Amino acid sequence: MGRSSKDKRDIYYRLAKEEGWRARSAFKLLQLDEEFSLFTGVNRAVDLCAAPGSWSQVLSRKLRGHGEKCEGGEEVKIVAVDLQAMAPLPGVTQIQGDITKVSTAEEIVRHFEGQPADLVVCDGAPDVTGLHDVDEYIQAQLLLAALNITTHVLKPGGTFVAKIFRGKDVTLLYSQLKIFFGGVTCAKPRSSRNSSIEAFVVCQNYHPPEGYVPNMSNPLLDHSYDVDFNQLEGPNRIIVPFLACGDLSAFDSDRTYPLQLDAGKEYQYTPPTQPPISPPYQQACHLRKNNLLSKEDSPSSLGPRQSGDQAQAD
Amino acid sequence: PGEGPVLTVYSLQPVPKACTSVPVLQQHRIHGTRSRVSTTISRPNSSTLQPNSYDLAVFGGKTVRLVRLHLDVSAVKLAHLEISRPPVELQDWILDIRWLREDKQSLLCVAVAHNGALLLDISSGNALAHCSCLEGCLLYSALLVVHKSWADTVLIGGTVFNQLVLWKPGGEASHNRAPVERRLLGHTGVIFSISYLQEKGWLASASDDRSVRVWAIGALGGCGGNCGDLKPTCLRVLFGHQARVFSVCLSPRRVFSAGEDGACLIWDGAGGGTVLRALKGHRAGGIRALAVSPGRDDTGRWVATGGADGGVRLWKVEDDEEEDTVTKTITDLEFSGRGVPKVVCVVEGEAHNTKWSQCRILVCTDQGFVYQYGNGHWELLWRGSPEFQSYCVMETVAVRLKDSISKANLCAVGSLSGVLKVFPISHPQNEIALQSCSGKIHSLIWQQCDQYVYLLASAAEGQVYRWCIDVRFNEMGTVSLRVKCCPAFVLPTCSKRWLTAAVRLPSKSKGALWVCGDRRGSLLLFQEDLDRRGEEEATDCMQANIKGHETDGALQEKEIPEEHKDLTLSPLSCLFGVHGKQGVTSVCEYQGLLYSTGRDGCVRIFRVGEGPLQLEVLRVQRACKGMEWLERSLIESPGDDKKGSTIENKGTEARFVIFGFHASQFVVWDPVKLERLLAVPCGGGHRSWSFWPVHTGVWPGYGALVFIKQGSVLASERPLESTSVSARTWNEGWSLREGIHGRGIGCVCRLGRIWVPNDSTANRAETPGPVRVQIEGQWEIIVTGGEDTSLTVLAVHPNSGSVTVLSIITDHISSVRTVVALTHQDRLKLTSQSQSLSALVISASGRAQLQCYRLQIGWNKRRLAPFCQVVQVAGHRLDEHWERKRNRHKMVKMDPETRYMSMAVVDDNSDAVLVALACSDGAVRLFSVSEVKRQIHLLWETFYHQRCVLSVATCSLKAGKGHRYVLLFSAATDGKIAVWDLTQAASGSSCDAPTPPNPCLSIAAHQSGVNSLAVWPHTQGPLDGGCLVTVSSGGDDGQLMVSTIRVDFLEDRLRTVGVTQDQPQSHLGLHLLSQLSFPSAHAAPVTALKLLRPGLIVTASCDQRVCLWELCSTSINHRGVLCSHVADAAGLAVWEEPVVEDGRTADLGQTLYEYNLYDYYY
């Protein structure tokens, strides 16, 4: 029962497993593509903060679905960037690197043999603190970092898609994105839950301001409210169009479904495609499982000695 | 501490209490405060300088603000906060702030999230210096080590890459970019908190990986800006938290850490890295903030913790403390008698309020001997005949003697063969034998009533024999017993058919009543005398006894009236098996209410019904998770409780504590504060235990446990210690501010208000305490439901801003998402100043669960606080059939795990309330809730939407000739709103034919989910057989949509034409007239929308704005906005103040209260 309860709670989690996606978020990119035709004419695509790799999977299946070459005869190249290693994906080049480093941008361009990317996507979310103001801030910084590296690798007219939290200062992010892109839309795929503040900005037609030189040494700081330009209160805020995307006849991510989805097909449990790679709490869980956590009740048991931890001087 | 944007100062001496508070940051939560002494004055009687004002740098988000705290030195309790300057807004998120020491200017060192630091002049708001680290990554936490100058300052940051980096922002770096000086690796998660201890050169870090690491870093900062050891080492890795560690603090001998598991652990920092003490007391959701005071030798340290539940708690910790004061150590009383101890009882001394050291302990062994312990020695008290060997039950009682201030202690012993002996402990040779039992005596229960004492013996075949015993001193100074046999009780037929608990309720009109509990888990009601004749007879019998005593002067005698021998009593009322198969463990009575405990983990609060004599359970209170074996409940005595206090609150529930076994410990649990008051590591569920003080029914806040474990008699307190009220306080930790919900709050509903007139506080002059708490005026009563699966009843005093938790209801098994209340207060005038309030509250949660309660709120004049009486009316679960299935753990449940998303009251005029529920499985369901029958019924369900239904709303229309129509509106994740005609359901006629209607109309309103609906009819009156209805909706797309519907009353028309009206379909014709929309009403999903009054609505959103909108026929006008600090507002309750003042919070003078919901998934 324990295994199937998550299948029941989340229909897209179950579908992702059944269709071989590494995470349910694959459906979000597919539904965004249904609305915006993101992949048309795309030969070079970058997936930022790619782990566990579901968006790279979508890029791979969609861009090279019917063979190695697309119509133009150009070779399709997909680069996935993440800090942590992820299981290899056929047809996707992995770069284990930091998106705030120039070297990472250079490595991406090297893989494209000097050519800029047609599409940059980012589904990254921070390690959540549970303090929502902090989490929204960190997500905004992640998006700005993704935007910054995008300005290094994206071709003029290219498309940038990123996860955004619709929070207090989201209008500041919109105003920043509008400086770089001709069209900015806030899109919510139907596979993203209604109860989540998550949405996606689809930024089309990249054209940086005149004289803009990409620079990684300073982080892009978020805008501040300006009395004339973008108000804290009132109607003069920059709000970009909202678009819900995905077919209404598709599964509803908020609905709770029975395990038996249709009468003809018996429910069968599918194991996850890709188990999580070394979560932060791995050691703590191992200690708890073996009853090795320090407790007040057992003063005799010594705390675990450090193992393999080291400090190093720079 | 900061709570949201509000800063509050608490004074710790003499009694910890809130002093003063002030809102500092408008839209940011306070993340930290840093103080420095601003001015000092000399003390009158000493030469030392005493600070009398402090500068506080208060920061949160990108904002920092200066607040000055003034203290009145003559009276420490008087504090005053002053805000002079506007907040300073920075470019980047602030992680740490420090005052530059010995600086008369207002210079602050600030660490910001992009691994930068700046020197800020807070008076001007100018940054004097700025520097970034070459490692330009994001930080989750930072610590500044600041001494005298900016140049010597050192910054330690916890990076997004799980590292600690150390660098010098004031160094001579080129282009304001400084290199990393030291790097500490080891954490496998991001670092949430950093602490540095100068005198040892230690650094501590708390992480997402659930560990705390202590590093030997060496000297930091100071002259020349030390960066510590070249190769710092990790001294210790502390794993002890069950979840992420949010905060860490170092003291010379201890490491304090607090985390998501709600515990603050105190570690032996210098020694083996063991946990010395765990401070627990916050509700689920964990501890976010931690502060440890600098220690002084005499007073120890204060530890303050701030929880995600919104609570602030304070703890006193001694530096040399080696053990937990709550968890007691065990003393072996070294039993030296013959045989193995089987039963233990604590016997109080003759005097009133016996001290622990004066208590005696009685033990019965498997040899049938009774031993007494006193003054450190065991002595044989009573030697049982051979039939008491191998099996023996024993129970003692302290009897207050008639015409005497002293007490006599009686002991009853029962055997396997039904032999029963009673003897005074002071004169065990004066034993009397009570015969008439047949078979094994399972249990003995004493019950004192007035001048008599009753003994109940539960024997074979459910027979409970009873005796009434008159205890007196005779002329020779010994105790004499007179016994009268009373009719036996017969328990209901079942397995394990014996009595486990009993209480006698004296009642003049109905004869005495007995409320009993049995081993089968049933609660039973017996009436002592079946008719008047029997009662008189009993009185005669008793008088005869007393007469006999006067004449013959015998030491004991027994008289068993023959006519009672065969008379047995059956229960008048039986709640069979309510406490489950593990049985009832206790029943007690307090001020008209009964409290029972059982081994099902529940306390049941119940009463004897006022009509026919039967037992009615009012509500069920569970102890903490995993605490299933409850033994007793004791009424919690308020600190100022005096004997003979007013009984004006008769029939209302008192605060109580729960005794029971939790895993390997005996625990005293406070179900309101949700904390352990006492824990004895006794090894787990014991058949025989005894507690001192004995049988008071009231928990004095201290006590000692005696129990038998593996043949030894053990005590939680050393027997010669004179533990008493004054000796120690057991209550660990003070709650400076009560927590509301552990996790997010899912819904909020205002019940109404109660008024406290000024005269009711007149006697407050007597109450001690330096701080006068304002309590007059109105208290708003609010119910919230949370992700922690509980409902909380709150009283909010808007004048002082204080919030009191009145009750916590824990019947839901999943997150509570919606709650509605039916009060009749709003039908009276708004200005009526009632002191009490009654409401029917219906709550709905995940796992398809509905609960219904009757809440009575009033003012307790003795405690000077509002109180709330909760009566559980009914509960319902959609999948009850599944829960009842045996072997369900072996099967896979195929049904969806339905969540109830929203609820609306359709009708409450008949004897049942009709509620419509929006369900996550795609259904709209209609339920009837009957308070009288205490039942909830599903009337019908419809899967019309085929998508998760998010919200429901209703609207009642008045047509001509007293006709009334009811419309239901339901909306789902596809942005569509369906309208249903529920007129027939509301009139009660369709209860027999529960077929769901078809929707009359479907409106496309939003692109994605409709989170909230508000509906009202136009008041212009019915215009030629119809009216207009406005539907306003707030969606996930940030849009505010207003749809106007024309409703035609077809029935009225038909009638005027003269057609018979028995048509099955709806009598209403609905047409969408117009739609007005405000596409970007909010930049984020609109999570709540409420009607203030027709035409005026309030919306709340995740963009932290609360907006007020006025609707006209042609436009939507934005009338006002409030920026809130709540990043995740989801519920909203609005009401208008009776007196409309201009220029208050929003435009129109209404006060808005909002609560956060943390329900988003990443």
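The values are calculated or read from the model by the stated rules, or taken from the named source; none is laboratory data. Since the structure is predicted, the reported quantities are computational estimates derived from the model, not experimental observations. Every residue, glycine among them, receives a Cβ derived from its backbone with ideal geometry; neighbour counts consider all protein chains shown. The accessibility values were calculated without ligands, DNA or RNA, using every heavy atom of the protein model including side chains. Shrake-Rupley method; radii C 1.70, N 1.55, O 1.52, S 1.80 Å.
Just so you know, in the stretch B:782-808 the residues that are within 12 Å of the chain's Cα centre (by Cα) and open to solvent by 30 Å² or more (accessible area, probe 1.4 Å) include one that is farthest from B:Asp261 (Cα to Cα), and it is B:Thr804. Checking each residue in the stretch A:194-216 for being open to solvent by less than 50 Å² (accessible area, probe 1.4 Å), in contact with a helix residue (DSSP H, G or I) (Cβ under 9 Å, 6 or more places away or on another chain), within 14 Å of chain B (Cβ to nearest Cβ) and in a loop (DSSP other than H, G, I, E, B) picks out A:Ile197, A:Met216. Residues of the stretch B:658-696 that are under 21 Å from the mean Cα position of the chain (by Cα) and β-branched (Val, Ile, Thr): B:Ile658, B:Val667, B:Val668, B:Val672.
Only strands (runs of 3 or more DSSP E) whose full extent lies in the stretch B:433-497 are considered here, and the ones with at least 3 residues that are assigned by TED's automatic domain parsing to the domain that holds B:Lys407 and under 18 Å from B:Ser586 (Cα atoms) are B:443-449, B:452-458. Residues that are within 11 Å of another protein chain (Cβ to nearest Cβ) and open to solvent by 20 Å² or more (accessible area, probe 1.4 Å) were ranked within the stretch A:99-125; the one that is farthest from the chain's Cα centre (by Cα) is A:Val102. Only a single criterion out of (1) among the aromatic types (Phe, Trp, Tyr); (2) over 18 Å from B:Val346 (Cα atoms); (3) surrounded by 19 or more Cβ atoms within 10 Å (Cβ to Cβ) is not satisfied by B:Trp446, namely (2).
Report whether or not B:His1082 is within 14 Å of another protein chain (Cβ to nearest Cβ), buried (at least 18 other Cβ atoms within 10 Å of the Cβ), modelled with pLDDT under 80 and assigned to a loop (DSSP other than H, G, I, E, B).
Against the criterion (within 14 Å of another protein chain (Cβ to nearest Cβ), buried (at least 18 other Cβ atoms within 10 Å of the Cβ), modelled with pLDDT under 80 and assigned to a loop (DSSP other than H, G, I, E, B)), B:His1082 does not qualify.
Checking B:Ala986, B:Ala971, B:Ala953, B:Ala959 one by one, the residue that is more than 39 Å from the chain's Cα centre (by Cα) and either at pLDDT below 95 or open to solvent by less than 20 Å² (accessible area, probe 1.4 Å) (or both) is B:Ala959 and no other.
Among the residues of the stretch A:31-50, those identified as closer than 15 Å to A:Val120 by Cα and either among the acidic types (Asp, Glu) or part of a helix (DSSP H, G or I) (or both) are A:Leu32, A:Asp33, A:Phe36, A:Asp47.
Out of the residues in the stretch B:943-963 that are small (Gly, Ala, Ser) and part of a strand (DSSP E or B), state the one that is farthest from the other protein chains (Cβ to nearest Cβ). Show your work before the answer.
At the first step, the residues of the stretch B:943-963 found to be small (Gly, Ala, Ser) are B:951, B:953, B:956, B:959-960, B:962.
Remaining after also requiring part of a strand (DSSP E or B): B:951, B:953, B:956.
Values: B:Ser951: 11, B:Ala953: 17, B:Ser956: 29 Å.
Among those that are small (Gly, Ala, Ser) and part of a strand (DSSP E or B), it is B:Ser956.
In summary, A:Asp133 fulfils each of the numbered conditions (1) over 24 Å from B:Thr159 (Cβ atoms); (2) of a type in the set (Asp, Glu); (3) crowded, with 16+ Cβ neighbours inside 10 Å with the single exception of condition (1).
Selection of the stretch B:239-259 for residues being closer than 15 Å to B:Phe192 by Cα and within 13 Å of chain A (Cβ to nearest Cβ) yields B:His241, B:Ala243, B:Arg244, B:Val245, B:Phe246, B:Ser247, B:Ser257, B:Gly259. Picking from B:Glu172, B:Glu135, which residue would you name as being more than 23 Å from A:Ser278 (Cα to Cα), outside any strand (DSSP E or B), among the acidic types (Asp, Glu) and within 10 Å of chain A (Cβ to nearest Cβ)? One residue alone meets the criteria, B:Glu135.
Checking each residue in the stretch A:258-283 for being surrounded by 14 or more Cβ atoms within 10 Å (Cβ to Cβ), facing another protein chain (nearest Cβ under 8 Å) and within 27 Å of the chain's Cα centre (by Cα) picks out A:Pro280, A:Tyr281, A:Gln282, A:Gln283. Would you say A:Thr150 is assigned to a strand (DSSP E or B) and in contact (Cβ under 8 Å) with a residue 12 or more places away in the chain? So A:Thr150 does not fit the description; no.
This table checks each residue for (1) open to solvent by less than 20 Å² (accessible area, probe 1.4 Å); (2) of a type in the set (Phe, Trp, Tyr); (3) at pLDDT 90 or above.
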| position | (1), (2), (3) |
| --- | --- |
| B:Gly201 | yes, no, yes |
| B:Asp208 | yes, no, yes |
| B:Trp215 | yes, yes, yes |
| B:Gly222 | yes, no, no |
| B:Gly225 | yes, no, no |
| B:Leu230 | no, no, no |
| B:Cys234 | yes, no, yes |
| B:Phe239 | yes, yes, yes |
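Name every residue in the stretch A:168-193 that is more than 8 Å from every other protein chain (Cβ to nearest Cβ) and part of a strand (DSSP E or B), in order of residue number. The answer is A:Phe181, A:Gly182, A:Gly183, A:Val184, A:Thr185, A:Cys186, A:Ala187, A:Pro189. Annotation: B:Lys148 fulfils all but one of (1) assigned to a strand (DSSP E or B); (2) more than 39 Å from the chain's Cα centre (by Cα); the unmet one is (1).
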